1. Only helices at least 20 Å long along their own axis, judged from Cα atoms, and with Kyte-Doolittle mean hydropathy of 1.0 or greater: name those in the chain from DSSP H.
2. What residues qualify as long-range amide H neighbours of residue 87, i.e. H under 5 Å apart, gap of 5 or more or another chain, H built at 1.01 Å from N?
3. Need the full-extension length gain, residue 53 to residue 85, defined as separation in residues times 0.36 nm minus the C-alpha distance. One decimal, nm.
4. Using a 1.4 angstrom probe on heavy atoms only, work out the carbon and sulfur share of the accessible area of region 1-104 in %.
5. Could you state the accessible area per residue of the chain in Å², with a 1.4 Å probe and every protein chain left in place?
6. Mark the label point 7 Å from the Cα of residue 105 along Cα→Cβ and return the residues of region 44-62 whose backbone N is within less than 17 Å of it.
7. Only Cα pairs within less than 10 Å get springs; with that Gaussian network setup on the chain, which residue of 36, 17, 84 has the largest fluctuation?
8. Report the Cα-based extents of the chain along its three principal axes, largest first, to the nearest Å.
Amino acid sequence: MPQPEPAGPARGIDPRSPRFGAGITAVLLLVDLFLSLVGATAAAFVLLLAIALLFAWGAFAGVQRHPYGLLFRRIVRPRLAPPSELEDPAPPTFAQAVGLLVTGLGLVLHLAGVPLALPIAAALAFAAAFLNSAFGYCLGCQLYLLLVRARLIRHRADA
């Protein structure tokens, strides 16, 4: 039986959930990179736009409300043992904003006529998603923690 997540604005998330979402994102980004490298630029643009919209969802609504998080909670988590601890949702939510920035910049630069903007944005986002899904190393989360320590941003307990 799955362990319920605590209620309240600062509730934690299962740390396996962002890794699950990063795995799906990494596969989509790899497909996008392939499409852009073989010349299917229109398809690569549409796919990267969809990925950027998913990053926006996670960044603005929070990772708890992201479709991959819901999929994890409803289908995957009930089949796993409860996590030993819950994770603060603020760093993964910030990481979604970083993903949005990278993919959004790639889309804008592509529209501005920069020829390699799509594959470079897809490759950068893929590298980050792969590191998270395969090794549990979240680049956006690390950036969040560095910015909080440097007091450049405030910690968001309600992410």
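The values are calculated or read from the model by the stated rules, or taken from the named source; none is laboratory data. The structure presented is a predicted model; accordingly, all values stated were derived computationally and were not measured. Methodologically, a virtual Cβ is constructed for each residue, glycine included, from the backbone with ideal geometry; neighbour enumeration extends over all protein chains shown. Note: accessible area is taken over every heavy atom of the protein model, side chains too, but ligands, DNA and RNA are not part of it. Shrake-Rupley method; radii C 1.70, N 1.55, O 1.52, S 1.80 Å.
1. Working: long enough: 16-37 (31 Å, 1.26); 41-61 (29 Å, 2.31); 90-111 (31 Å, 1.41); 117-135 (27 Å, 1.82).
What comes out of the filter, once short or polar helices are dropped, is 16-37, 41-61, 90-111, 117-135.
2. 13, 14
3. Values: separation 32, 0.36 × 32 = 11.52 nm, distance 2.96 nm.
Full-extension gain reported as 8.6 nm.
4. On the way: 3850 of 5400 Å².
Roughly 71 percent of what the probe reaches on region 1-104 is carbon or sulfur.
5. Values: 8930 Å² over 159 residues.
That works out to 56 Å² for each residue.
6. 49, 52-53, 55-56
7. Among 36, 17, 84, the largest GNM mean-square fluctuation belongs to 84.
8. So the three principal-axis extents are 48, 39, 25 Å.
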